[in-house]
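These notes concern the structure reproduced below.
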Amino acid sequence: MGKVVFHKHFTAPTLKERKEAIGAFPHEADSDSSRHDMLLKSAHRGQPSLQLQSEDTSFCKTNAQNASSDENPTLALSDLNSPNLYVPTKRSETCQAIPKPVDELDWLAQVPEEGQTFNDYITAVTTRRTGRIKPLANPDGIDIFLLPILRTERVPVQRGGATATDTPGVDGEAAGHSWPSYGPPLEPLIKYTSAFFDRHVHLLPPALVFATKLSGRTTGGAVSEKKRKRNDSTLCLDASASSTSKGNFKLYFPQTSDGKIGEYANVAGRADFRSDRIQLKVDSLLDELSAYRYNQIDTGEFSSHGKDFCVMGITMEDLYDKPKDLFCAGMAFGRDKVAVFSFARYHPFLKMHPLHWHHYGYTRTCDGYSYYEDDDQDPKGLTQDPPDIVGMKDKDVSEFLRRSSKLLTHELGHLYVLDHCIHNKCLMMGTGHLVEDFKAPSHLCGVCLRKLQWRVGFNVTNRYLLLSQAFEEMGLIQERNWTKKQYDTLRKKSEIICV
């Protein structure tokens, strides 16, 4: 095999271009007033990093805008224009150039990525003439909502006003359906997501998926282009040798906050009869998730929690996009502020066939490589069902959380209008396959961190402290140490400036 190179239409940024991508300091624009109003709303809602700032009596308030009162909550406006906040400590991978492709399936060997500088980001989210923030950025949206999507074996039915599934042993309201015991623990993921975006994160009652009809036709034909306005399709991998049956599925959304099931929507998918495995078509799910979000806004169902920024479906069911996909980890409709992603292929014990989507199993240990070896496409000793989290070693659970947390925050980053990063090693880099995905960092580079700070308005220093605490809870010691080092370094610098 010849030397692997960048895609012929991709040009890696020079060192000068990488340095300039972060934008000028200070950043002054017509959008400053609109941004102030947007951040004031979220500060009134309560942001963890800003609450730490207001409680810290030793914090050096560099301008009057950082003063706090009931009418004027603490803001971190000056953080946007402090260059030292976006320069990581020496030898940090987030200040290193993006790696060159080493495999023909690597991201930048396949995709002529354009990248997005800080100024590109501002152009994307604000109008040129007035500086008004575009609807794409959802400036009024604040809280993040996670919607678990669970598979059920029977049609959910209404019995005396309560929702139940018509099968022995699982009667009860939709809220009684539990997140799978073989999925990543949700509580630490929610805490981490809250720290990452400095937002309240809510877990909604689950939606239920039921397979209504499986046909004998094989997948193929044209792919629907309906609503192809997504920001990103993460890891949609080719499975050209796969031939499976189409399936029709009913998706039952929770109607109210008490978990009672409402009307269902039909979604597309495919199934393998022998293994009883299914895959749901990701854009079909997103179409219905968009309708669900707008309906909840219209009925005021989210209002008790706060103004919603987005709704993200999370599931342990497998997803795909195009007929030849091996799987698709996730996808977002940026304008509708909905996304859905699956943790199924991120289980640390998973081993999969590189061509057939339904051909996979589980080992007893994690070796960091999720595909069958080239010389053994039918390995023995694999179990068909994923092992429960409770029976796994702490280090393996932490690896599951590390993979899942990166997928979750990367996809959410796209909803905040962050495009793929080509300037540094960064969470927002694209990936072409799981090997590349698992090597990507958990952190934002300085360019992408400044974009998110512009939109969210967090205190950069305190955000690192909150992230270090979340990483520690997930057992991710290396990530914990890095974020704590950034916090300690920035804290020391701020004390010197105050003196």
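I'd like the residue in region 352-367 that is over 15 Å from Arg277 (Cα atoms) and touching a residue at least 12 places away in the same chain (Cβ under 8 Å) and, out of all such residues, is most open to solvent (accessible area, probe 1.4 Å).
Restricting to residues being over 15 Å from Arg277 (Cα atoms) and touching a residue at least 12 places away in the same chain (Cβ under 8 Å), the top hit is Arg364.
Select the helices (runs of 4 or more DSSP H) contained entirely in region 379-476, then report the ones holding at least 2 residues which are surrounded by 23 or more Cβ atoms within 10 Å (Cβ to Cβ) and of a type in the set (Ser, Thr, Tyr). I'd like the intermediate steps shown before the answer.
Values: elements: 394-415, 434-439, 446-456, 460-474.
Ranges flagged: 394-415, 460-474.
Any idea how many residues of region 29-48 are touching a Ser or Thr at 6+ places or on another chain (Cβ under 8 Å) and under 17 Å from Arg450 (Cβ atoms)?
Of the residues in region 29-48, 2 are touching a Ser or Thr at 6+ places or on another chain (Cβ under 8 Å) and under 17 Å from Arg450 (Cβ atoms).
Does region 118-139 contain any residue that is among the hydroxyl-bearing types (Ser, Thr, Tyr), buried (at least 21 other Cβ atoms within 10 Å of the Cβ) and under 17 Å from Gly413 (Cα atoms)?
Looking through region 118-139, at least one residue is among the hydroxyl-bearing types (Ser, Thr, Tyr), buried (at least 21 other Cβ atoms within 10 Å of the Cβ) and under 17 Å from Gly413 (Cα atoms).
Just to be sure I understand the filter: pairs with C-beta atoms under 6 Å, separated by 6 or more residues or on different chains, first member in region 31-42 and modelled with pLDDT under 90, second member surrounded by fewer than 22 Cβ atoms within 10 Å (Cβ to Cβ) and not hydroxyl-bearing (Ser, Thr, Tyr). Which pairs pass?
Ser31/Gly131
If Cys95 meets every condition in (1) under 30 Å from Gly457 (Cβ atoms); (2) of a type outside the set (Ser, Thr, Tyr); (3) modelled with pLDDT of 95 or more; (4) out of contact with any strand residue (DSSP E or B) (no Cβ under 7 Å at 6 or more places or on another chain) apart from one, which number is that one?
Among (1) under 30 Å from Gly457 (Cβ atoms); (2) of a type outside the set (Ser, Thr, Tyr); (3) modelled with pLDDT of 95 or more; (4) out of contact with any strand residue (DSSP E or B) (no Cβ under 7 Å at 6 or more places or on another chain), the lone unmet condition for Cys95 is (3).
Against the condition modelled with pLDDT under 95 and open to solvent by 20 Å² or more (accessible area, probe 1.4 Å), how does Thr74 come out, does it pass?
When the stated conditions are applied, Thr74 does not pass them.
Which one is farthest from the chain's Cα centre (by Cα) among residues in region 175-208 that are of a type in the set (Ser, Thr, Tyr) and open to solvent by less than 20 Å² (accessible area, probe 1.4 Å)?
Tyr192
Take the conditions touching a Leu at 6+ places or on another chain (Cβ under 7 Å) and either part of a loop (DSSP other than H, G, I, E, B) or of a type in the set (Val, Ile, Thr) (or both) and apply them to Pro101. Does it pass?
Taking the combined requirement at face value, the residue satisfies it.
Hey, can you tell me all the residues within region 140-159 that are part of a strand (DSSP E or B) and open to solvent by 80 Å² or more (accessible area, probe 1.4 Å)?
Hits for region 140-159 are Gln158, Arg159.
The values are calculated or read from the model by the stated rules, or taken from the named source; none is laboratory data. Remember, it's a predicted structure, so these values are computed and weren't measured experimentally. Cβ coordinates were reconstructed from backbone atoms using ideal geometry, including for glycine residues, and neighbour counts include every protein chain displayed. Only protein heavy atoms, including side chains, enter the accessible area calculation; ligands, DNA and RNA are left aside. Shrake-Rupley method; radii C 1.70, N 1.55, O 1.52, S 1.80 Å.
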